[in-house]
Amino acid sequence: MAKARPAAALSRKPSTRPSGRRFVVAISGASGAWYAQRLLEILLSQGHEVHLVVSEYGRRLLFDESEIRELSLATLCPALAASLTAKSRVQIERRLILHPNKDVGAVIASGSFLHDGMVVIPCSSASLGAIATGSGSNLLTRAAMVTLKERRPLIICHREMPLSLIDIRNMETLALAGATICSPNPGFYLLPKSIDDIIDFTVGKVLDLLKVEHDLKTRWDQHPGR
C-alpha cells in the first residue's frame, strides 16, 4: 500500500489558466519528498508553470517516501489531480514540464530561459556541494548555476543535519553568491496539529521567498491559543 502523505486541503481553488509566472523546482536525494510535493501542488493549483528536474537519488527518495515510480501530476500531486475535471487536469498537466537530469541541454540550463526563481527542495549535501563548487555535470546543478549567474532567486532547502564544516562553508559560498538558504526547520509557535501543518510552515516560507501569495498558516499575528 502506498505511503502517501495525507491529503491536505488546497490553499486556493485550482486554476487552469497560466498566471504568467514560471518556476524551476528541483528534487535531490535528501529526505523531504513531501515538502516538494506540497510546493508543486500549490504552484500548479495557482496557475503557475513549473519546470521539474529530479536527480537520480531524488527519484529514489520519491519512491522510498511516497512510493512514486513514474513522475506525473497524478503521482506527485494526487490530491490536486483528484480534485480536477478531465479538461482542467489536462491543462494543468501541460504546465508541469519534466526534464531528465542528464539532459544538460534542456531549456532550464540556459540563461536565456526566463523564470521567476528556482527551488531545490529538498537539497542534499551532495547537491549543495556541487552547486557551491560550480559543477554543471547534471541538469539540476547546471540550472542552479545559471540561476545564480542571471541573478534570479535560488532557494536552497538543505534538509540534512547535523552540519559538517563542509556543509557550512558550502552554504556560505552560496549565500555570498546570492542564494537563499531556507532550511526546512518548522516553527512550533503556531501549535501545529498535524504533519501537514509542519510541512505547510516550510512551504509557506518558500512561497514567501518566491513572492507567491498563499494562505498557509505561517504568520505570527497573535498567540493561536488566545
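The values are calculated or read from the model by the stated rules, or taken from the named source; none is laboratory data. No experiment lies behind these values; they were computed from the predicted model shown. A quick note on method: Cβ atoms are made from the backbone with ideal geometry, for glycine too, and the neighbour counts reach across all protein chains shown.
Structure notes:
- Being in contact with a Phe, Trp or Tyr (Cβ under 8 Å, 6 or more places away or on another chain), among the polar types (S, T, N, Q) and closer than 26 Å to E56 by Cβ holds for only one residue in T202, T133, T180, and it is T202.
- Of all residue pairs spaced 6 or more apart or on separate chains, those with beta-carbon atoms under 7 Å, a first member in the range 138-159 that is farther than 10 Å from G117 by Cα and a second member that is in a helix (DSSP H, G or I) and not aliphatic (A, V, I, L, M) are L140/S127; T141/S127; C157/Y35.
- When restricted to residues that are in contact with a Gly (Cβ under 8 Å, 6 or more places away or on another chain) and assigned to a loop (DSSP other than H, G, I, E, B), the range 23-46 contains 2.
- Candidate set: the range 46-97, residues that are of a type in the set (D, E) and out of contact with any strand residue (DSSP E or B) (no Cβ under 7 Å at 6 or more places or on another chain); chosen: the one surrounded by the fewest Cβ atoms within 10 Å (Cβ to Cβ): E70
- Entirely in the range 109-226, the helices (runs of 4 or more DSSP H) that have 3 or more residues that are modelled with pLDDT of 95 or more and surrounded by fewer than 14 Cβ atoms within 10 Å (Cβ to Cβ): 165-177
- Residue in the range 60-78 that is over 21 Å from P122 (Cα atoms) and not aromatic (F, W, Y) present: no
- Check on Y35, modelled with pLDDT of 95 or more, surrounded by fewer than 19 Cβ atoms within 10 Å (Cβ to Cβ) and either of a type outside the set (D, E, K, R) or within 30 Å of A177 (Cα to Cα) (or both): no
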